[in-house]
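Below is one structure, written out as structure tokens; the observations come after it.
Every number here is computed from the coordinates shown, using simple stated rules; none is lab data. On a predicted model such as this, the values are computed, not experimentally measured, just so you know. Note that each Cβ is placed from the backbone with ideal geometry, even for glycine, and that neighbours are counted across all protein chains shown.
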Amino acid sequence: MNYLFDPRHWSGADSIPTLIGEHLLYSLIALAIAAIIAVPLGIYIGVTGKGVFLIAGLANALRALPSVGLLILLVLLISPAFPSKMGYILPSLIVLVLLAVPPILTNTYAGVRAVDAAAVDAARGMGFRTMKILTDVQLPCSLPLVLSGVRSALLQIISTATIAAYISLGGLGRLLIDGKAQNDYSQMVAGAVLVALLALFFDQLLAFITRRVVSPGLTRRTIKSASPAEPVKTPVTV
Amino acid sequence: MIKFENVTKAYPDGTVAVDGLNLEAPTGKLTILVGPSGCGKTTSLRMINRLIEPTSGTIYLDDQPTSGMDAALLRRRIGYVIQHAGLFPHKTIVDNVATMPVLLGESRQKARIKALELIERVGLPASFAKRYPWQLSGGQQQRVGVARALASDPAFMLMDEPFSAVDPVVRGQLQDEFLRLQREIGKTIIMVTHDIDEALKLGDQVAVMRVGGKLAQMASPSELLTSPADEFVADFVGRDRGYRSLGFTKTAGAVAIGEEAVIQLGASADEARAKASGAWVLVVDGSRKPLGWAQPELVRGEVTREHLNLSGIPAVVSGTMRQLLDAALSSPSRRGVVVDENGELIGTVTATDVVKAIEAEPHLETAR
Amino acid sequence: MIKFENVTKAYPDGTVAVDGLNLEAPTGKLTILVGPSGCGKTTSLRMINRLIEPTSGTIYLDDQPTSGMDAALLRRRIGYVIQHAGLFPHKTIVDNVATMPVLLGESRQKARIKALELIERVGLPASFAKRYPWQLSGGQQQRVGVARALASDPAFMLMDEPFSAVDPVVRGQLQDEFLRLQREIGKTIIMVTHDIDEALKLGDQVAVMRVGGKLAQMASPSELLTSPADEFVADFVGRDRGYRSLGFTKTAGAVAIGEEAVIQLGASADEARAKASGAWVLVVDGSRKPLGWAQPELVRGEVTREHLNLSGIPAVVSGTMRQLLDAALSSPSRRGVVVDENGELIGTVTATDVVKAIEAEPHLETAR
Amino acid sequence: MNFEWLGRQSDNIVFLLGWHVLLAVIPLILGLLIALPLGWWAHRSRRIYPLLVGVAGLLYTVPSLALFVLLPLVLGTKILDPLNIVAALTIYTVALLVRVVADALESVPEDTVQAAKAMGYRGYQSLLKVELPVGVPVISAGLRVAAVSNVSLVSVAALLGIPQLGSLFTQGFQLRFFTPIIAGIVLCVVLAMILDGLIILLNRWLTPWTPKVVAS
Amino acid sequence: GGGDPMSSSTTPAGGSGESIIVGSADFPESQLIAKIYAEALKAKGIQVTEKPSIGSREVTIPALKDGSIDLMPEYGGALLQYLDSKTKAVSSEDVTKDLATKIPAGLTLLTASEAEDKDVLAVKKETAEKYNLKTIEDIKPVAKELVLGGPPEWKTRLNGVAGLKSVYGLEFKEFSALDAGGPLTLNALLSGQVQVADLFSTDPALKDNNLVALEDNKNLFLSENIVPVINAKKSTDVVKETLNKVSAALTTEDLISMNGRVAKFEDIGEIAKEWLKSKNLG
Ligand SMILES: Nc1ncnc2c1ncn2[C@@H]1O[C@H](COP(=O)(O)OP(=O)(O)OP(=O)(O)O)[C@@H](O)[C@H]1O
Ligand SMILES: Nc1ncnc2c1ncn2[C@@H]1O[C@H](COP(=O)(O)OP(=O)(O)OP(=O)(O)O)[C@@H](O)[C@H]1O
Ligand SMILES: [Mg+2]
Ligand SMILES: [Mg+2]
């Protein structure tokens, strides 16, 4: 704890605010990319029922990928091509994105699937066209599950983004890696605590956003249907 | 008018759900499709707004074949009430009802005002407007479903077991409300049910389908009762056909209504005895509304509510033979109480008189 | 015997679900609790096997207060049929039914054999034994629920809307089967329903409850029809009370059955005309079973199936006045066909004769 | 890929794989055994549920490296003791499964539970003979996720010198040598898929009564 | 292949024979030397269990202390720094002397080898030519333009960034925390993310990539003689004698050449055995 409250660690090049900033930057970029990939894919599979095997198989295979191994492999493959930090940032982002895709994908799929078939049928019966059914009925109705997928993805990314430090990048992982290298336990503990706090903060933030954007008509009933497909996050892998 | 011409639907797995259906639902009338589970009712209904495409045959909407139309536009002309309401869970009740007008380009403001009216029209309090579907009971959701289908004021309505999700008591109320509504709005409606009582109660005409998707009989409710086309229809229509068919015969002065001496609450035992004919005397209130029957011999002192037998059901004079007969049969004195529209006493009838009048009338049916 | 003595249940939130209930369900009889939704029927039922504990008052099982008993042991003495069957999804049908005997210590082997018998007894094919609940329709699941409750051969049965999950047609069948079964097994049963028709059809006695958990009336079905205690009961029992009460009056020789001249299919138009009385002649088959009515004047050549009107419903001579009257009213000739137990023609009756017989009989009720 | 190297190292790789399996599976089983009563508790008590699930969620955000390094101090184990890894992964597994078990019990239809009670099942009988068996599909769905993530997590133990497939990553990295890295990743994924498949089979075997296998 | 750590669960062996657990850090050179120790001991009939690639000192030292392992090769300077981060020792003698006092109770250092693998600041040949760099001191005028890469602990360590500033007056444009002369550092130097990097003197990559190792003319970096660290209880005469012979035979050149073979994915066991045979120790 001493480390956390030492004012020297709150300003300067490798200060805690800078590290948090870098950590968030990697995390949010990775999340955005993962969402851009997984949400449309999940919707497509959910609506058409095509490629359901992707959900069961691929999503689980992605979960099984060992982050450290993958990161090392990607660094060896990619970094020679870039004379800048990009050579390390890119592998980190890819690992984080691969990590975030399964929860968002499975939840989006489950969300779209869970939309009351009668409501979709009613919409079609009222003369909604396919896109309109998607935007007006299926998406809003699956939103709680999609957001809960994003939520667990973000948590997972935040805790795993620490591995960026393993390959010389910034972020809160620096405290873990440097602390370990310098044999400084208090620095490591500070890193772990900050990561947990950051995760907690974003968890609450997303819970708040969920409450704001999801229709109150849905919140009561989706809680239960979510449980079987509720993706669970993998702990940090550094 | 909605017309089926030789319509057949075979599902990809080979199930023939509808087989050569010919049917005409006249404009402004309520046509009911009834039949056992799996006989193709829902399939038939959904072929009309092309949620299911027929395998062969043609369906006409006001003499135009639907096959040539843009499916989405076709559907917007037809109100569709789905089996379990199928409300949008993420929208408030008022926005659910306003969906169609908004889709058709009306302003949200205006659509909501209209929706509010409709919500009250189907018998829900205006305070429900801001609620979400899960906050309503099954029956209430059904009503919203009906309101939603009515919102765009479509000329046609398709209703798939709209009252199935509720218990029998509420169901009766919903049916009554719906009949009243249809009398006002006079839409061309096809309704599906598997409840023959509902079909007979609501339908202007009833199409009985048999499993395999064939039409067994298409007739008015009273005709269905008095001349079922075959054993299947007779069985399906079920017992009490004779009695129920009386529900379609108006009283219309056919039965002589006898005078009945009455007393009021608080009358003395002596007065009661004097006015009684047989063992029973009729008790009315100040405005001659019948309260019940009393037995003078059991009265000590004056006639009180305690003495009243309530089993008799008064029949309204403009009602049906069924009500008249039941008034007589349910009355402990065996004299059925007849009242006017305001519930004031006109007189009494005996079951014998009612049955004689029934027997005098020609049987509705002539052989096919 | 199950007895409620001043039983009250107030839920923690203040809702008084049952209020000072006094009730006695006699041994070997079927007692029905009926009433509008939310009147406390389920609560009353579940207090008996202590799934809910009463706030005050005592419930006796064969004169022993249940409050002192071990709840689990008490429950094992009472068969409980839950509203939506509540089968164990992870057990086969036969194992579902065998649950109680196994719990009570019987060998799995023996329990299964017994269960198989019961499955057939409630009208399911033995081939269903190995299936899982999801492979059965709602109605079939209900039957398994009944079989499961019967498996330990308990002296008492509690049934909560056991036939609610099925459509009216199947429901009728289930009720009939159940009546037959109860006649055989004669258990002490309390059944909950909110369907008054079901209550009147099945119950030896019917307890009508009103919202707020008070008993409105406790009486036999026919008494309920002929002398409802108050407006609430009268309303709840509903229309057609007079007609339906006839269902409790046996025909028993009270009505004179007239001779009816008959023809067979294939008879000539001339013969038909000769035998006809009025416009209609009755057509029977070789063993004098009625087939339908024909109008000789419409027959050219010989009488065929085409000429038959099927609307008449024959009444069995040992049946009720209700069936007899309906036979007459449903017949196009207005003469109701009466048959013996084998379905062979005895003769015909007119509605007038039936009504006269009804009127001659004293009204069931005497004032309270 | 250098297959000649793979061939030379095959003994070693099989050995690493064996450890990997042990380190992934033992915590899975232990975690499940611990999560069952905890999940039951969360299911029983409205107030405990958010608490337990909240704590479980927080446990996840603790980076595993920190946990691996700090655990020996807490447990008093030797630093190279595989027990540390088992303990850490058990913690993660429990954190993941507590909620799953609670939700699984929650998913049992109320009617079913009531029926059991009404037939005179006592509390524990109902739990063991009805609620848990009926909750199996939900539990096994959660177990699949736990199994797969465990396989991926075990590789972190390489940082503590506990032999398992993760050792191939560090080895490959030091030598800038792709073969062990790729071999490690492939084996991890294959192992995860095999475990996943085993749990699916187990689930099918335990739930012959479900209409279909739960997807995902 | 590697040893059979499975047997670690059955050690220590009971009965007559001596037994010893040899560990190594998580980089190839450490594993190689550990292998040499192991093979040499085996040749003397001692029962050896190997636990290769345990990790960094945060793990290995506690492992030595709690008896998880009994023996491993260490580097004098680095070990001293780990045990006493404020040490001023630089020369071989000072390091050896200080170490003797700082070594945790229960552990013993045997005789250090000539062979040394110490930190060197390396630059690419082009960089050296461009700025005319031969010694570390030469960087001073251009330090502001260059990025330094080194292990994370250099940030705070005297023999890292701080020492480069106080001893050589170097202030680099930036310090990039990489790994301890491992693949990350080499990678960063070769791909240009850093211009000056901390590598190790026995790294064959120096030669393979035409890197220039700058001379530490002001003796900033500690000497790093290779020295066996052993659990005092296991330090029997036979063991001591055997390991001391190995240390005496091992030269820096041997290390460089053997490292070169390791980098070509040759089997560590083979390399170790060949070396022992060539020195008549196997
Ligand atoms: N998509 C489909 N594929 C194959 N067969 C189908 C499909 N939909 C319905 N069927 C079959 O077609 C027949 C008619 O179905 P339909 O839904 O029209 O019956 P229904 O009369 O509405 O029955 P219910 O009263 O149970 O709603 C049934 O046998 C049903 O199993
Ligand atoms: N656990 C509870 N807490 C509070 N109120 C309850 C609870 N259970 C039931 N009630 C209330 O007690 C009253 C009686 O409920 P009960 O379930 O006995 O009714 P019911 O007659 O069985 O109704 P239905 O026909 O709808 O099944 C209702 O007003 C209900 O809302
Ligand atoms: Mg249908
Ligand atoms: Mg109830």
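Points worth noting:
- With a Förster radius of 22 Å applied to the C-beta separation of E:E129 and A:F82, the computed FRET efficiency comes to 0.35.
- Sequence-distant residues sharing a close amide H with B:E260 (under 5 Å, placed H): B:T348
- Cα centroids of region D:1-69 and region B:1-61: 57 Å apart.
- Per residue Cα convex hull volume in Å³ - calculated over region A:9-219: 136 Å³
- Only Lys, Arg (+1) and Asp, Glu (-1) charged, at Cβ; region B:2-237 dipole about Cα centre in debye: 1100 debye
- Three semi-axes describe the equivalent ellipsoid of region E:133-263; taken as square roots of 5 times the Cα gyration tensor eigenvalues and ordered largest first, they are 32, 18, 14 Å.
- Relative contact order of region C:262-360, pairs being alpha-carbon contacts under 8 Å that are 6 or more residues apart, as %: 21 percent
- Based on the Stokes-Einstein relation at 10 °C and a viscosity of 1.306 mPa s, and on the Kirkwood radius from alpha carbon pairs, region E:155-211 is assigned a translational diffusion coefficient of 131 µm²/s.
- Hz values of 3J(HN,Hα) by residue in region B:93-109 - Karplus curve (6.51, -1.76, 1.60), Gly and Pro given as x: 4, 5, 6, 4, 5, 7, 3, 4, x, 5, 4, 7, x, 6, 6, 4, 3
- Solution diffusion estimate, µm²/s, Stokes-Einstein, chain D, Kirkwood Rh from C-alpha pairs, 4 °C, viscosity 1.567 mPa s: 69 µm²/s
- Check: region C:262-360 dipole with +1 on Lys, Arg Cβ and -1 on Asp, Glu Cβ, in debye: 160 debye
- Inter-copy label distances at B:R288 (7 Å, Cα→Cβ; nm, one decimal): 5.4
- Rounded to the nearest Hz, the phi-derived 3J(HN,Hα) couplings of region B:277-291 under the Karplus curve 6.51 cos²θ - 1.76 cosθ + 1.60 (θ = phi - 60°) are 10, x, 7, 10, 10, 8, 10, 10, 9, x, 9, 6, 8, x, 10, where x marks glycine and proline.
- With each label modelled as a point 7 angstrom along the Cα→C-beta vector, the A:T135-E:K279 pair spans 7.6 nm.
- What the pair-distance distribution of region B:2-237 shows, using all Cα-Cα distances binned every 10 Å from zero, is 8, 32, 35, 20, 5, 0 percent.
- Charge dipole (chain E, unit charges on Cβ, about Cα centre) - positive-most of E:L83, E:L146, E:S223: E:L83
- Cα→Cβ-extended label distance, 7 Å offset, between D:L6 and E:E174, nm: 3.9 nm
- Close amide-amide hydrogen proximity is noted between B:V18 and B:K9, each under 5 Å apart and 5 or more residues distant or on a separate chain (H modeled in the peptide plane; Pro and chain starts excluded).
- Think of chain B as having a plus end and a minus end, set by charges on the Cβ of Lys, Arg, Asp and Glu; of B:G68, B:N309, B:Y243, B:G68 sits farthest toward the positive end of this dipole.
- Among residues of chain B, the one whose beta-carbon sits closest to the B-to-C rotation axis is listed with its distance in Å as B:V355, 2.
- Per-residue Karplus couplings for region C:224-230, computed as 6.51 cos²θ - 1.76 cosθ + 1.60 with θ equal to phi - 60°, are listed in order as 4, 6, 8, 8, x, 5, 7 Hz, Gly and Pro entered as x.
- Taking the average, over residues, of other Cβ atoms within 10 Å as the packing measure, peptides C:77-89, E:129-141, B:130-142 rank C:77-89, B:130-142, E:129-141 from highest down.
- Over the residues of chain A, the helix contribution to mean residue ellipticity at 222 nm works out to -23500 deg cm²/dmol, using -39500 (n - 2.57) for each DSSP H run of at least 4.
- Averaged over peptide A:160-170, the number of partner chain Cβ atoms lying within 10 Å of each residue's Cβ comes to 3.
- Dimensionless Rg ratio for region D:35-124, taking C-alpha atoms and the 2.2 N^0.38 Å reference: 1.41
- Amide H contacts of C:Q83 (H built 1.01 Å from N, under 5 Å, at least 5 apart or other chain): C:D160
- Across the identical copies, how the B:A261 labels are spaced - nm, sorted shortest first, 7 Å along Cα→Cβ: 4.9
- Remark: for residue pairs A:K132/B:K91; C:K110/D:K117; E:K35/E:K234; E:K88/E:K155; B:K41/C:K289; E:K86/E:K218, the C-alpha separation exceeds 25 Å in B:K41/C:K289.
- Ellipsoid equivalent to the protein assembly as shown - semi-axes via the Cα gyration tensor, in Å: 89, 33, 29
- Computed over chain E: relative contact order in percent, which uses C-alpha pairs under 8 Å that are six or more apart: 27 percent
- Straight-distance crosslink candidates among lysines, where the alpha carbon sits under 18 Å from E:K207 and sequence neighbours closer than 8 are dropped: E:K118, E:K124, E:K125, E:K134, E:K264
- Here, P(r) means the percent of Cα pairs in each 10 Å bin from 0 to the largest distance; for region B:217-352 it is 13, 36, 25, 15, 8, 3, 0.
- When only the Cβ of Lys, Arg, Asp and Glu is charged (+1, +1, -1, -1), the dipole of the protein assembly as shown relative to its Cα centre reaches about 1000 debye.
- Within region C:201-244: backbone nitrogen closer than 16 Å to the B:D176 label point (7 Å, Cα to C-beta): C:231-241
- Efficiency of FRET between A:S15 and D:E110 - r from beta-carbon atoms, R0 51 angstrom, step 0.05: 0.40
- Proximal aspartates and glutamates relative to C:K356, as straight alpha-carbon distance under 15 Å, when same-chain residues fewer than 8 apart are discounted: B:D326, B:D353, B:E359, C:D326
- Positive-end ranking of C:A17, C:V7, C:A115 along the dipole of region C:2-237, with charges on Cβ about the Cα centre, is headed by C:A115.
- Here is the size of region E:92-144 from its Cα atoms: Rg then Dmax, 18.1, 52 Å.
- Helical runs assigned H by DSSP (4 residues or longer) give chain B a calculated mean residue ellipticity at 222 nm of -9500 deg cm²/dmol, each run adding -39500 (n - 2.57) before division by the residue total.
- Label distances, nm, C:S277 versus same residue in remaining copies, Cβ-directed 7 Å point: 3.1
- Across chain B, C-alpha contacts under 8 Å between residues 6 or more apart give a mean separation that, scaled by the residue count, equals a relative contact order of 15 percent.
- The distance separating the Cα centre of region B:138-213 from that of region A:1-47 comes to 56 Å.
- Our Cα-only numbers for chain E put the radius of gyration and Dmax at 19.4, 66 Å.
- Segment C:K250-C:S277, extension gain: residue separation times 0.36 nm, minus the distance between their alpha carbons: 6.9 nm
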